[in-house]
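Asker: The structure that follows is given in the form of structure tokens.
The values are calculated or read from the model by the stated rules, or taken from the named source; none is laboratory data. If you're wondering where the values come from, they're calculated on a predicted model, not measured in any experiment. Ideal geometry is used to build each Cβ from the backbone, glycine not excepted, and the neighbour counts take in all protein chains shown.
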Amino acid sequence: MRGLPAVHRLLEEPAVAEYGVAFGRETVKRAIEQVLDRARASGSERSYESVVADVVAQLNDARLRELVPAINATGIVVHTNLGRSPLAVEALTAIDRIARGYSNLEFDLSAGERGSRYSRVTEALRDATGAQDAIVVNNCAAAVLLILDTYARGRETIVARNQLVEIGGGFRIPDVIARSGSILIEVGSTNRVYTADYERALSPRTALLLRTHPSNYRIEGFTSDVAPEELVRLGRSAGVPVVEDLGSGALVDLAEYGLPHERTVQEAIADGMDLVTFSGDKLLGGPQAGIIAGKAHFVAPLRSNPLLRALRVDKTTIAALAATLHLYLERTSRDRIPIFRMLAATLDDLRARGAAYVDAIAAASLVESMAYVGGGSLPQAQIASLAVALEVSEADGVAAALRRENPAVVARIEKGRVMLDLRTIAPEEDAYVIATVLRVTNSSVPRR
Ligand SMILES: *Cc1c(COP(=O)(O)O)cnc(C)c1O
């Protein structure tokens, strides 16, 4: 068909050529040819600008299917769908230093012989948790699986009925136990569990007593539970290891941040748990990882389980985890970890930042908001926050347009308004978010 632009001309178009940097020229060329084929097939007259717009839209859609950065304006601090914890600059620097070249990942520099990758982070984990020994695997699900496989295959694992949690993303305690080849023995009722329930279930077939964190739900009302130290006492007298899956794994008392107290890893260790498992990228604020901390003679068999090879972490995880743990030593350095900086921000901090939004965007006002910790911890704990509310005629359309930007801006919709919660937006992202909102609201939707 005459009138359609040539491929090479479209390739030179700045808005199109930009994608060549990320995708390579061949991919961009293929997208152009596909758009031209469709235009030819439809047979209708096309302006040059509309063909360019189609090519850009197709390339942008392709970009959005890949892993791209996003700005979290949802107010959920540890947002699993948005990559959980952002890393501290110190962790990024450590990754850069280690991944850019070679390292002593599995090389003992003092002896000049083969070493263990796991030992690279043992000391930092011991210091942070108070445990005798620790090991790190791919994620907390892997940590639980490794323990079950090592200790409970073909034998029984006792879990209270009020702890049979589904975390989401396919992780359900009963299914993981079944998958590991262990036999789940449920004790108690949904709302009440007693020591006697455990005592009745103990038998020579018992391999483990497992306590799990009810991450994302609470049972309220007529309830009773067995205290962790009581479970430890039971396990000790029966000669059965007691394991606690903490999930989020707080290493500091969240009450310091005005939140309800969340059981810490150190408390679980101090209560005498033989092994404790928790994630690296939830309340720890580090990279995706699963940490197992506990008594040395219970960690040792995990090290020699061949399954560990399939669950092992790479050098970037070890580098980032160690760097993050080093920041915990003092409150001032800990608050350089992004999730703690977000939790620590005062309403005055947020109000000052919000003023810049209201000044720049006519449709914006500053409203009270509630942020959440997320990451399957403290499901009911709200954190007072402030949000920029955009009063626009098509909130869904504006939110969708913000998600198509690069970096994407992921907002929340409330009462027909687009809400940008300031607690989870980094201060250094403010200028970009303001500019993006202005561009998107001016071009796609009329102001109120
Ligand atoms: C989140 C969670 C897990 C899974 O952790 P991942 O690191 O995502 O694998 C396991 N157990 C509990 C209690 C959790 O909250």
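Asker: Restricting attention to region 140-166, report how many residues are surrounded by fewer than 21 Cβ atoms within 10 Å (Cβ to Cβ), within 15 Å of the ligand (Cβ to nearest atom) and not in a helix (DSSP H, G or I).
Answerer: Counting residues in region 140-166 that are surrounded by fewer than 21 Cβ atoms within 10 Å (Cβ to Cβ), within 15 Å of the ligand (Cβ to nearest atom) and not in a helix (DSSP H, G or I) gives 3.
Asker: Applying the selection to region 280-335, what residues are crowded, with 24+ Cβ neighbours inside 10 Å and either outside the structural domain of L259 (by TED's automatic domain parsing) or more than 19 Å from V265 (Cβ to Cβ) (or both)?
Answerer: If the condition is that a residue be crowded, with 24+ Cβ neighbours inside 10 Å and either outside the structural domain of L259 (by TED's automatic domain parsing) or more than 19 Å from V265 (Cβ to Cβ) (or both), then A319 is the only one that fits.
Asker: Within region 22-66, can you find the residues that are among the charged types (D, E, K, R) and touching a residue at least 60 places away in the same chain (Cβ under 8 Å)? It would help to see each step written out before you state the result.
Answerer: Just the residues of region 22-66 that are among the charged types (D, E, K, R), to begin with: 25-26, 29-30, 33, 37-38, 40, 45-46, 49, 54, 61, 63, 65-66.
R63, the sole residue that qualifies.
Asker: Of all residues in region 124-181, how many are of a type in the set (S, T, Y) and out of contact with any helix residue (DSSP H, G or I) (no Cβ under 9 Å at 6 or more places or on another chain)? Quick ask: steps written out before the conclusion?
Answerer: Narrowing region 124-181 to residues of a type in the set (S, T, Y): 129, 150-151, 157, 180.
The next check asks that each one be out of contact with any helix residue (DSSP H, G or I) (no Cβ under 9 Å at 6 or more places or on another chain); those that pass are none.
Here the count works out to 0.
Asker: Scan S180, S189 and give me the residue that is out of contact with any Phe, Trp or Tyr (no Cβ under 8 Å at 6 or more places or on another chain) and away from the ligand (no atom under 16 Å from the Cβ). Before the answer, list the steps.
Answerer: Values: S180 fails: away from the ligand (no atom under 16 Å from the Cβ).
Exactly one of S180, S189 is out of contact with any Phe, Trp or Tyr (no Cβ under 8 Å at 6 or more places or on another chain) and away from the ligand (no atom under 16 Å from the Cβ), namely S189.
Asker: Does V313 fit the bill of being modelled with pLDDT under 95, within 16 Å of the ligand (Cβ to nearest atom) and touching a strand residue (DSSP E or B) at 6+ places or on another chain (Cβ under 9 Å)?
Answerer: Details: modelled with pLDDT under 95: no; within 16 Å of the ligand (Cβ to nearest atom): yes; touching a strand residue (DSSP E or B) at 6+ places or on another chain (Cβ under 9 Å): yes.
Considered against the rule, which asks whether it is modelled with pLDDT under 95, within 16 Å of the ligand (Cβ to nearest atom) and touching a strand residue (DSSP E or B) at 6+ places or on another chain (Cβ under 9 Å), V313 comes out as no.
Asker: OK, next. Pairs only if they're at least six apart or on different chains, beta carbon under 6 angstrom, first in region 391-402 and assigned by TED's automatic domain parsing to the domain that holds K415, second surrounded by fewer than 20 Cβ atoms within 10 Å (Cβ to Cβ) and in a helix (DSSP H, G or I); list them, first residue then second.
Answerer: Within 6 Å, the pairs are A401/S444.
Asker: I've got another one for you. Can you confirm whether region 125-135 contains a residue that is within 16 Å of the ligand (Cβ to nearest atom) and of a type in the set (G, A, S)?
Answerer: Taking every residue of region 125-135 in turn, at least one turns out to be within 16 Å of the ligand (Cβ to nearest atom) and of a type in the set (G, A, S).
Every residue, every condition in (1) under 23 Å from I183 (Cβ atoms); (2) within 16 Å of the ligand (Cβ to nearest atom), yes or no:
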residue	(1), (2)
E199	yes, no
A207	yes, no
L210	yes, yes
H213	yes, yes
N216	no, yes
E220	no, no
T223	no, no
L234	yes, no
S237	yes, no
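Asker: If you take the residues in region 376-396 that are polar (S, T, N, Q) and under 26 Å from K282 (Cα atoms), which one is modelled with the highest pLDDT? Can you show your working first?
Answerer: Residues of region 376-396 polar (S, T, N, Q): 377, 380, 382, 385, 393.
Imposing the further condition that a residue be under 26 Å from K282 (Cα atoms) reduces the set to 377, 380, 382, 385.
Numbers: S377: 71, Q380: 74, Q382: 89, S385: 97.
Taking the candidates together, the pick is S385.
Asker: Within 30 Å of G280 (Cα to Cα) and among the acidic types (D, E): which single residue out of D54, D61, D96 fits that description? Walk me through how you get there before you give the answer.
Answerer: Details: D54 fails: within 30 Å of G280 (Cα to Cα); D61 fails: within 30 Å of G280 (Cα to Cα).
Residue meeting the stated conditions: D96.
Asker: Here's something else I'd like to know. Would you say A355 is part of a helix (DSSP H, G or I), of a type outside the set (S, T, Y) and surrounded by 15 or more Cβ atoms within 10 Å (Cβ to Cβ)? Let's see the steps before the verdict.
Answerer: Values: part of a helix (DSSP H, G or I): yes; of a type outside the set (S, T, Y): yes; surrounded by 15 or more Cβ atoms within 10 Å (Cβ to Cβ): no.
Answer is no for this residue.
Asker: Please indicate, with yes or no, whether at least one residue in region 208-224 is in the same structural domain as V313 (by TED's automatic domain parsing), more than 24 Å from R172 (Cβ to Cβ) and in contact (Cβ under 8 Å) with a residue 60 or more places away in the chain.
Answerer: No, because not a single residue in region 208-224 is in the same structural domain as V313 (by TED's automatic domain parsing), more than 24 Å from R172 (Cβ to Cβ) and in contact (Cβ under 8 Å) with a residue 60 or more places away in the chain.
Asker: Within region 137-147, can one find any residue that is over 24 Å from the mean Cα position of the chain (by Cα), assigned by TED's automatic domain parsing to the domain that holds G290 and under 28 Å from G374 (Cβ atoms)?
Answerer: First, pick out the residues of region 137-147 that are over 24 Å from the mean Cα position of the chain (by Cα): none.
Checked against the condition, which is being over 24 Å from the mean Cα position of the chain (by Cα), assigned by TED's automatic domain parsing to the domain that holds G290 and under 28 Å from G374 (Cβ atoms), region 137-147 yields no hits at all.
Asker: While we're here: Anything in region 245-289 that is farther than 26 Å from Q382 by Cβ, more than 11 Å from the ligand (Cβ to nearest atom) and of a type in the set (G, A, S)? List them, or say none.
Answerer: A270, G272 - these are the residues of region 245-289 that are farther than 26 Å from Q382 by Cβ, more than 11 Å from the ligand (Cβ to nearest atom) and of a type in the set (G, A, S).
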